[in-house]
Structure formats: structure tokens, C-alpha cells
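The values are calculated or read from the model by the stated rules, or taken from the named source; none is laboratory data. Keep in mind the model is a prediction, meaning the values are calculated, not measured. Every residue, glycine among them, receives a Cβ derived from its backbone with ideal geometry; neighbour counts consider all protein chains shown. Only protein heavy atoms, including side chains, enter the accessible area calculation; ligands, DNA and RNA are left aside. Shrake-Rupley method; radii C 1.70, N 1.55, O 1.52, S 1.80 Å.
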Amino acid sequence: MSEQPPRFFENKVAVVIGGASGIGAALCRLLAQEGARVIVADLDFPRAKELARELGGPAKAFEVDIATGESVRALIENSVAGQGAIHLLINSAGVLVQGDAEDLTDADWSRVLHVNMHGAVTATMAAYRVMVDQGFGHIVNISSLSGLNPPPFSLPYVTSKYAVVGLSIALRAEAKPHGVKVSVVCPGNVATPMISALAHQPSRLTPTISSQHAAKEILRGIRLNRPVIVFPAYARVFWLLERIAPWLSSALRGLIVTKAVRRNAAAKPAKPLS
């Protein structure tokens, strides 16, 4: 009987930021199943510890605030000190604010950009410097389809996710000579707490997929070393439209705005008769 080939992630040190819930938690579970040494990093430390206990074996939990550079750098330094190296960093942390552009406050913009954009930069660069010294490693930033095909009514989120795409693709070119890989993940709607909290749920044309499905797609993309990992099928279609028929993408965004205006108008209470 032939010997089974080694699993791709076996004995690899995988640091997952935002690993206590949603896509991050699903990734931690799949990585642990493949024999990875998983570090569940999250602001919600009790939940991270609970998941690490569930995973068992070498899994560990670490409290991290993606919005604080010192916290992220401490995570990377402690991971290297405890494990000897980092093979995989997945940045899955993110926040979303929606609303009409004129209603968004400075605080809305600051929060989203600080977590989604500056947090991604801090985590990426902290891991990148370590991986350059190692001569190996793979950085994976989870962006969104919104970072390839921008929907209206979520400007801070779209801005931050476009930045994460640009950061990842540009760094990939610089990283290659050092033996370091960089990928960016741009999924459609995934059933996470962030999506569940939306006032208006995704339409039947853009259905949600499970976090487990998303995690499988991400790990497949990592194995194949894809620069941009896009899923499910409708997300790839929207990405293609944005590249080859931007006028059509623009028209679709116009329809979304028109529908929203009509919905808001219908929701307004009628003025009392004088």
C-alpha cells in the first residue's frame, strides 16, 4: 500500500488574525485538521481561547487589536519566539459601515480605514519583514469583492478593501525574489456576523455562502498560490464585468441606487394633511 502524501499545511505555523469567528474560525478549524500549528488571534480573547481549546494539540490563542500597531507586532514577535517561524499569516479582521455618503461621519471613516486598511498594512509588514529574513512564508489578506467591483452605500469599506487589494498585489511582486508569497482574497457574500447585521440582506443574485465553503476556497487558492482568490462564481462574473465592461458595472450600480432611493421614499411616513 502506497504511503499517503504529506498534507500541504502539516506542521506549518499559521497565524490567523480575526480567527475567533466567521471565516477566520472556519480557516482555523480546517488548518488544524490538516495538521497546522494554528495561532488564533483575535480582539475577543475569551472566544479565541475557547476555539484554541476546541482545536486542541498545538493550537494557541493570542489577544490582538488589529487597530494597534504595537499589538500586531507583539503577535508576530511572540509567534516567532514560540514557534520558531511563521509559514502563513491570514488577516481576516474587518469592519463594515453602511449608509448614504452624506450621512457618514468622520468617526465612521476613521474606524473602518483604521481597522481594514491600516490594520492590514501593519499586519502585512510585520509578517513580511520576518518572512524576508526566513526566506519563506505566505501572507494572505482577506479583502472583498467590493475591492474589485465597488458597490454604493459603503464608501469607507470599499475604499479600505481597494487599498488591501492594491497593497497585496504590489507587494507580491516585491516579495517573490525573497521567497515570500502574497495573496488577496475577494469573496462575495459570506455568512458571517458582519453580513447578518446588515439592514438589507443580499439578493438572490448574490447569495451568501457558508464560512466553511469560503475557508475551503481560500485554502485551495493558497495551495495554488493564486495572486487574487475570487469566489463564488457570481463574484468572478462581477470581477470580469468590471474589467471588460465597466459601463455595464456602472449601470448596475445605478440600478442599485435607484432601487434604494425608491425603497427609502416608500419607507418615509406620509405627511399629515393640513
- Reported to two decimal places, what Rg/Rh ratio describes the chain when computed on Cα atoms with Rh from the Kirkwood expression? 1.01
- Message: Using Cα-Cα distances under 8 Å and only pairs 6 or more residues apart, what relative contact order does the chain have, in percent?
- Response: 16 percent
- Message: Check which residues have an amide H placed less than 5 Å from A61's amide H, if you skip close sequence neighbours.
- Response: V40
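Within the chain, which DSSP H helices have Cα atoms that stretch 27 Å or more along the helix axis and a mean Kyte-Doolittle hydropathy of at least 0.0? Mind dumping the intermediate values first?
Numbers: long enough: 155-175 (29 Å, 0.80); 246-267 (32 Å, 0.33).
Going by DSSP H runs, the hits are 155-175, 246-267.
Please report Rg over Rh for the range 16-96, where both radii come from the alpha carbon positions and Rh follows the Kirkwood definition. Kindly include the intermediate steps, with their values, before the conclusion.
On the way: Rg = 11.4 Å, Rh = 12.3 Å.
Here the Rg-to-Rh quotient is 0.93.
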- Okay, which of the range 22-47 sit inside 19 Å, backbone N to the point 7 Å along the Cα-Cβ direction of Q134? 27-42
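At 1.4 Å probe size, with every protein chain present, just tell me what the per residue accessible area of the chain comes to in Å².
Details: 14150 Å² over 274 residues.
Value for the chain: 52 Å² per residue.
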- Query: Roughly speaking, to the nearest percent, how much of the range 129-251's 1.4 Å accessible area is carbon and sulfur?
  - Reply: 62 percent
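Quick check on packing: order 224-233, 71-80 by the mean number of other C-beta atoms within 10 Å, highest mean leading.
Descending packing order for the listed peptides: 71-80, 224-233.
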- How many nm separate the modelled label positions at I256 and Q33, each set 7 Å beyond the Cα in the direction of the Cβ? 3.2 nm
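Based on the alpha carbons, how large is the Rg to Rh ratio for the range 33-72 when Rh follows Kirkwood? Please report the intermediate quantities before stating the final value.
Details: Rg = 10.7 Å, Rh = 10.4 Å.
Over the Cα atoms of the range 33-72, Rg/Rh equals 1.03.
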- Task: Mind computing the radius of gyration and Dmax over the alpha-carbon atoms of the range 64-106? Å is fine for both.
- Result: 16.0, 49
- Query: H138's amide H: which non-local residues (gap 5+, or another chain) put their own amide H closer than 5 Å, with H modeled 1.01 Å from N in plane and none for Pro or chain starts?
  - Reply: L88, L89, K181
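Show me the three semi-axes of the equivalent ellipsoid for the range 98-150, from the C-alpha gyration tensor (sqrt of 5 times each eigenvalue), largest first, rounded to whole Å. Working shown, then result.
Values: eigenvalues 186, 36, 5 Å².
Ellipsoid semi-axes (Å, largest first): 30, 13, 5.
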- Message: Can you compute the helix-only [θ] at 222 nm over the chain? Use -39500 (n - 2.57) per DSSP H run of at least 4 residues, normalise by all residues, nearest 500 deg cm²/dmol.
- Response: -15500 deg cm²/dmol
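Sorted by packing (mean other beta-carbon atoms within 10 Å per residue), highest first, where do 135-146, 44-55 land?
Numbers: 135-146: 23.1, 44-55: 17.3.
Descending mean neighbour count gives 135-146, 44-55.
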- Sequence-distant or interchain residues sharing an amide H contact under 5 Å with S210, placed H: which? A191
